[in-house]
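Asker: Handing you this structure, nothing more for now.
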Amino acid sequence: MDEGFRKEVTKTGCFGREKRERLGAGDAYCIVSTGLGGVSDIPDCMSRLCFLCVCIWSFVVVGCGPSVGDAVMEEKPSGGAKRQVDERGSQRVRVEKRVDLDDLKFEGLESRRWVVLFGFEFQGKWVPKAEYQGGVKQRVSFQEPLSPGDLFFTDGPLKLRFKFLGFEERPVENPRLGVVEVLKFARFEDMDPKKRGRVYEVPNRLPRARLDEYAHHDEEVTLRWEPERGVAKSFALSEGDWFRLPGVASSPAYRLKKVTGRSVSVEWLEEGKTHVRLIQVEHPRAEPAATIRELIGD
């Protein structure tokens with residue numbers, strides 16, 4: 001054989017390797033390897049038919065074809081639950097349900113800002129003050145300082161809203177000075193029936209430039225129900241309110257769990273499990289940096 005006439009072309013694909021070797025002017029052969037250990041030499045006139053047969057055999061016996069890996073298509077059937085369908089036809093039910101909530105939209109948010117300030121502390125008792133939306137100021141009298149367990153304030157929009165829990169000291173890094181200093185925090189619990197159990201805290205040294213970090217908001221959100229069929233309806237809710245979707249016979253009791261400057265969370269109980277759906281708020285607001293701990297599930 002004249003090696004000068006030899007020319008080799010190799011292709012690699014999911015079927016293994018296909019080699020074509022030209023051994024001479026009149027002796028053309030096709031060497032087909034499926035990657036399965038079988039090799040056959042076939043005259044060129046039958047190469048295409050042979051290769052097609054090998055491909056069909058590979059699909060039927062081995063199942064090596066154009067692989068889709070783990071590609072998944074998602075579809076939403078008309079049964080409420082979302083499903084995932086893979087290329088082999090198997091279905092897996094997703095956790096997310098209640099697609100009727102897809103028609104519940106954010107419409108508006110009314111926010112009333114408040115911040116409790118440390119004020120003064122002496123002999124383990126506390127004299128706090130507060131600022132409420134619109135410049136309303138509230139304070140505890142020096143003649144009646146708070147002991148742990150006392151409710152405050154005595155009047156105004158925050159009347160008997162909070163319960164004093166006590167003081168706590170801990171080291172905190174001062175980012176402006178680059179030092180660690182020990183601060184005293186006053187801790188108090190929200191007594192509003194819809195927010196009961198939330199615990200807030202405020203440090204004894206708080207520059208006015210950082211007041212927004214410890215400010216909180218009482219929020220009323222307006223949601224709009226826009227079903228594909230039916231009349232759209234808007235309704236206002238506060239945190240902790242329960243509601244049902246109008247005109248939906250299968251609607252469970254939903255609860256407006258929490259409203260923040262970025263999202264509205266709605267929860268409901270179904271099949272013995274609690275589910276939560278987040279509805280994004282338009283024009284999001286930064287959240288306070290103050291620590292809030294949920295002592296009791298709200």
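Asker: If I go through segment 149-168 residue by residue, how many of them are of a type in the set (Asp, Glu) and within 34 Å of the chain's Cα centre (by Cα)?
Answerer: Count: 1.
Asker: In segment 173-223, which residues are in contact with a Ser or Thr (Cβ under 9 Å, 6 or more places away or on another chain) and among the aliphatic types (A, V, I, L, M)?
Answerer: VAL199, VAL221, LEU223
Asker: Let me ask something additional. Of all the residues that make up segment 121-135, how many are within 21 Å of ALA209 (Cβ to Cβ) and either surrounded by 12 or more Cβ atoms within 10 Å (Cβ to Cβ) or hydroxyl-bearing (Ser, Thr, Tyr) (or both)?
Answerer: 6
Asker: Sort out which residues of segment 116-125 are among the aromatic types (Phe, Trp, Tyr) and within 39 Å of the chain's Cα centre (by Cα), and write them in order of number.
Answerer: Correct list: PHE118 only.
Asker: Could you give me the residue pairs with C-beta distances under 6 Å whose first residue belongs to segment 90-117 and is open to solvent by less than 50 Å² (accessible area, probe 1.4 Å), whose second residue is small (Gly, Ala, Ser) and modelled with pLDDT of 65 or more wherever it lies, and which are 6+ apart or on separate chains?
Answerer: Within 6 Å, the pairs are VAL115/ALA215; VAL116/ALA130.
Asker: Answer yes or no: is there a residue in segment 176-185 that is open to solvent by less than 60 Å² (accessible area, probe 1.4 Å), in contact (Cβ under 8 Å) with a residue 60 or more places away in the chain and within 15 Å of VAL116 (Cβ to Cβ).
Answerer: yes
Asker: Within segment 144-180, which residues are in a loop (DSSP other than H, G, I, E, B) and among the hydrophobic types (A, V, I, L, M, F, W, C)?
Answerer: PHE153, LEU158, LEU160, LEU177 - these are the residues of segment 144-180 that are in a loop (DSSP other than H, G, I, E, B) and among the hydrophobic types (A, V, I, L, M, F, W, C).
Asker: Another one. Taking GLU168, is it open to solvent by 70 Å² or more (accessible area, probe 1.4 Å) and either charged (D, E, K, R) or touching a residue at least 12 places away in the same chain (Cβ under 8 Å) (or both)?
Answerer: Considered against the rule, which asks whether it is open to solvent by 70 Å² or more (accessible area, probe 1.4 Å) and either charged (D, E, K, R) or touching a residue at least 12 places away in the same chain (Cβ under 8 Å) (or both), GLU168 comes out as no.
Asker: Of LYS195, LYS184, which residue is under 25 Å from LEU160 (Cα atoms) and under 27 Å from the mean Cα position of the chain (by Cα)?
Answerer: Step by step, each of LYS195, LYS184 is checked, and only LYS195 is under 25 Å from LEU160 (Cα atoms) and under 27 Å from the mean Cα position of the chain (by Cα).
The values are calculated or read from the model by the stated rules, or taken from the named source; none is laboratory data. Since the structure is predicted, the reported quantities are computational estimates derived from the model, not experimental observations. Positions of Cβ are generated from backbone atoms using ideal geometry, with glycine treated the same way; all protein chains shown enter the neighbour counts. Side chains included, ligands, DNA and RNA excluded: accessible areas come from the protein's heavy atoms. Shrake-Rupley method; radii C 1.70, N 1.55, O 1.52, S 1.80 Å.
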